[in-house]
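Okay, so here's the structure we're looking at.
The values are calculated or read from the model by the stated rules, or taken from the named source; none is laboratory data. Only a predicted model underlies this, so the values are computations on that prediction, with no experimental measurement involved. A quick note on method: Cβ atoms are made from the backbone with ideal geometry, for glycine too, and the neighbour counts reach across all protein chains shown.
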Amino acid sequence: MARRLKDGMAHGVLSFPLTSFHDDGTLDPDGYRAYVAERIAAGPGAVFPACGTGEFFSLDEEEYRQVVAITVEESAGRVPVVAGVGYGWAQAARFARIAQDAGADALLVLPHYLVTAPQDGLVAQLEALAARTPLPLVTYQRGQVAYTADSLRRIAALPNVIGLKDGHSDLDRLQRLTLAAPDDFLFFNGAATAEIQARAYATVGVPAYSSAVHAFAPEIAGAFFTALRDGDADTLDRLLRGFYVPFVELRDRAPGYAVSLVKAAARLRGRPVGPVRAPLTDPSARDLADLRTLLDAGLDLVGAAP
């Protein structure tokens, strides 16, 4: 699986699909099936259902099962399916069993709930989960989870821990981790709106990244990925100035917009994703209008004007 993920990461962005809800907040399996099928058809390197962008934190176990199973069915083996798991190790193990039964290829271990822990505890948390699932694990360092080089060596020695997603954007720390890891260990950029820092991450040997923009505008995400791969600085700068930087500035207007704006943009494009669930809130009317203008500008930049 590590080899398959590595190959995928070299050929496309990592896609984190939204989870579809009806207007009353209940899960919309049919809407999600149509939506995730379109994401997969856009050619990502891998697809990560029920993670942060997919509002994992708001799903119950049956909803989670449906989301992962639908993703596996629609993928049909074309791309790896890496499902999110989280909370403490015991609850993460419950979600891991559900994901395994649903056919997921691997798991992304989201940061644990609430408490700050010492390095020995972070390692023990992953050891406990790894002992309870045969699926390959990618751990996500963000928030209260940040590994030292020594801890990275310890978790990389676990047979089914294959990679790390970084959301801290501390390139000094990340460089130390990449140098401490085995050659076949996977790293990818998981910063919010990762394209903003994609060139910087590539300088420390981490060119792969997750793309929230792929959740609503694969045309823009694909154009950026191609330009980054080909070293096309002019196109990168044009997309960053004309779309990504303004998008981040809009995202920063309110807490939770890293998901809410993405979902609103998908709705603006007619995708059946529905609203966000509490505690997230949908964008204000003013922010939605600004998002519409920015989305049109971004699509125009890549020749995919609405």
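So is Ala208 surrounded by 23 or more Cβ atoms within 10 Å (Cβ to Cβ), touching a residue at least 60 places away in the same chain (Cβ under 8 Å), more than 19 Å from Ala10 (Cα to Cα) and small (Gly, Ala, Ser) or not? I'd like the intermediate steps shown before the answer.
Details: surrounded by 23 or more Cβ atoms within 10 Å (Cβ to Cβ): yes; touching a residue at least 60 places away in the same chain (Cβ under 8 Å): yes; more than 19 Å from Ala10 (Cα to Cα): no; small (Gly, Ala, Ser): yes.
The answer is no for Ala208.
When Ala258 is tested against (1) surrounded by fewer than 18 Cβ atoms within 10 Å (Cβ to Cβ); (2) touching a Lys or Arg at 6+ places or on another chain (Cβ under 8 Å); (3) farther than 15 Å from Glu195 by Cβ, only condition (3) is not met.
Out of Ser260, Ser284, report the one residue that is within 26 Å of Tyr32 (Cα to Cα) and in contact with a Leu (Cβ under 6 Å, 6 or more places away or on another chain).
Details: Ser284 fails: in contact with a Leu (Cβ under 6 Å, 6 or more places away or on another chain).
Going through Ser260, Ser284 in turn, the sole match is Ser260.
Checking every residue in region 58-66 against the condition of being loosely packed, with under 15 Cβ neighbours inside 10 Å, without any contact (Cβ under 8 Å) to a residue 40 or more places away in the chain and assigned to a loop (DSSP other than H, G, I, E, B) gives at least one match.
Are there helices (runs of 4 or more DSSP H) fully within region 176-283 with at least 2 residues that are more than 27 Å from Asp30 (Cβ to Cβ) and acidic (Asp, Glu)? List them.
Working: elements: 198-203, 218-230, 233-239, 245-251, 257-268.
Per the criteria, 233-239.
Within the group Asp24, Asp7, Asp105, which residue is among the charged types (D, E, K, R) and more than 30 Å from Asp150 (Cα to Cα)? The match here is Asp24.
What residue, of Ala76, Ala96, Ala50, is in contact with a strand residue (DSSP E or B) (Cβ under 6 Å, 6 or more places away or on another chain) and more than 20 Å from Pro272 (Cα to Cα)?
Working: Ala76 fails: in contact with a strand residue (DSSP E or B) (Cβ under 6 Å, 6 or more places away or on another chain); Ala50 fails: more than 20 Å from Pro272 (Cα to Cα).
Of Ala76, Ala96, Ala50, the one residue that is in contact with a strand residue (DSSP E or B) (Cβ under 6 Å, 6 or more places away or on another chain) and more than 20 Å from Pro272 (Cα to Cα) is Ala96.
If you check Thr148, Thr203, Thr193, which single one turns out to be of a type outside the set (Gly, Ala, Ser), under 24 Å from Ala117 (Cβ atoms) and either touching a helix residue (DSSP H, G or I) at 6+ places or on another chain (Cβ under 9 Å) or buried (at least 17 other Cβ atoms within 10 Å of the Cβ) (or both)? Just a single option satisfies the conditions, and that option is Thr148.
Here are some residues: Tyr32, Tyr64. Which one is farther than 22 Å from Ala90 by Cβ, of a type in the set (Phe, Trp, Tyr) and at pLDDT 95 or above? Talk me through it step by step, then tell me what you get.
Values: Tyr64 fails: farther than 22 Å from Ala90 by Cβ.
After ruling out the rest, the residue left standing is Tyr32.
When region 8-40 is filtered for residues that are touching a Gly at 6+ places or on another chain (Cβ under 8 Å) and assigned to a helix (DSSP H, G or I), the ones remaining, listed by number, are Gly8, Met9, Ala10, His11, Gly31.
Summed over region 105-125, residues that are crowded, with 19+ Cβ neighbours inside 10 Å and over 16 Å from Lys165 (Cβ atoms) total 1.
Could you tell me whether region 138-155 includes any residue that is closer than 30 Å to Glu38 by Cβ, assigned to a loop (DSSP other than H, G, I, E, B) and out of contact with any Gly (no Cβ under 8 Å at 6 or more places or on another chain)? No; the residues of region 138-155 include none that is closer than 30 Å to Glu38 by Cβ, assigned to a loop (DSSP other than H, G, I, E, B) and out of contact with any Gly (no Cβ under 8 Å at 6 or more places or on another chain).
So which residues in region 225-255 are touching a residue at least 60 places away in the same chain (Cβ under 8 Å) and crowded, with 17+ Cβ neighbours inside 10 Å? Of everything in region 225-255, those that are touching a residue at least 60 places away in the same chain (Cβ under 8 Å) and crowded, with 17+ Cβ neighbours inside 10 Å turn out to be Phe225, Leu239. Candidates Gly43, Gly54: the one that is modelled with pLDDT under 95, closer than 19 Å to Ala217 by Cβ, under 16 Å from the mean Cα position of the chain (by Cα) and in a loop (DSSP other than H, G, I, E, B) is Gly43.
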